[in-house]
């Protein structure tokens, strides 16, 4: 690298052409705290007693403990996925189906396993559509959520393709096949 060269920016997400069905990835975990739950519930206006009343949870709720809203689990999972796979290359979240399989409680750590299901070019420009199967698990390996998002992803541009062929590119860090 010369003095005029910019250092390699690490952490860029995948371009859609770098993915193919069957590719699998796993994110780092993130612990969901009581503060996370309180802030999310307050921000979203989810003032349901299950999330705001410890005495109700202790004595009357069907699920004992400080349970996390499914919407928060989804938001945390998406944060983990996007930071790991779509930084700068994700263009749009187009939709998903979602199944909640089990509860998440304050103090639980979640991670996401991502499996690429479908990759295809978009009808205009160098963009592509990528559908994945995202399985959210807690620290005990229990599946707590499964969803299948469809995303619009950026494609490689001519200059980016040339940059990816440089020895110092992300490919040398084991991030591609």
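Data for the structure
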| quantity | calculated |
| --- | --- |
| Computed E for residue 55/residue 87 - FRET, C-beta separation, R0 30 angstrom, nearest 0.05 | 0.10 |
| Rg [Å, one decimal], Dmax [Å, integer] - the range 39-109, C-alpha atoms | 14.9, 47 |
| The range 8-74: equivalent-ellipsoid semi-axes (sqrt of 5 x gyration tensor eigenvalues, Cα, Å) | 37, 14, 11 |
| The chain, helix-only ellipticity at 222 nm - DSSP H runs n ≥ 4, -39,500 (n - 2.57), divided by all residues, nearest 500 | -7000 deg cm²/dmol |
| Rounded tilt (10° steps) of 34-44 against the dominant C-alpha axis of the chain | 80 degrees |
| Cα centroid of the range 48-84 to Cα centroid of the range 4-25, whole Å | 33 Å |
| Per residue, the convex hull volume that the Cα atoms of the range 16-170 enclose (Å³) | 131 Å³ |
| Using a Förster distance of 30 Å, the FRET efficiency for residue 17-residue 96 (Cβ separation, nearest 0.05) | 0.85 |
| For the chain, built as a Gaussian network whose Cα springs stay under 10 Å, the top-fluctuating residue of 80, 94, 152 | 94 |
| Footprinting exposure proxy for 59, 132, 27 (fewest neighbouring C-beta atoms within 10 Å first) | 59, 27, 132 |
| Degrees separating the helix 70-85 axis from the principal Cα axis of the chain, which is the longest one | 20 degrees |
| Candidates 96, 52, 124, ranked by Gaussian network fluctuation over the chain, Cα under 10 Å, top entry | 124 |
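Each value in this text was obtained by applying a stated rule to the coordinates, not by laboratory testing. Given the structure is predicted, the values throughout are model-derived calculations rather than measurements. Note that we place each Cβ from the backbone using ideal geometry, even for glycine, and neighbour counts take in every protein chain shown.
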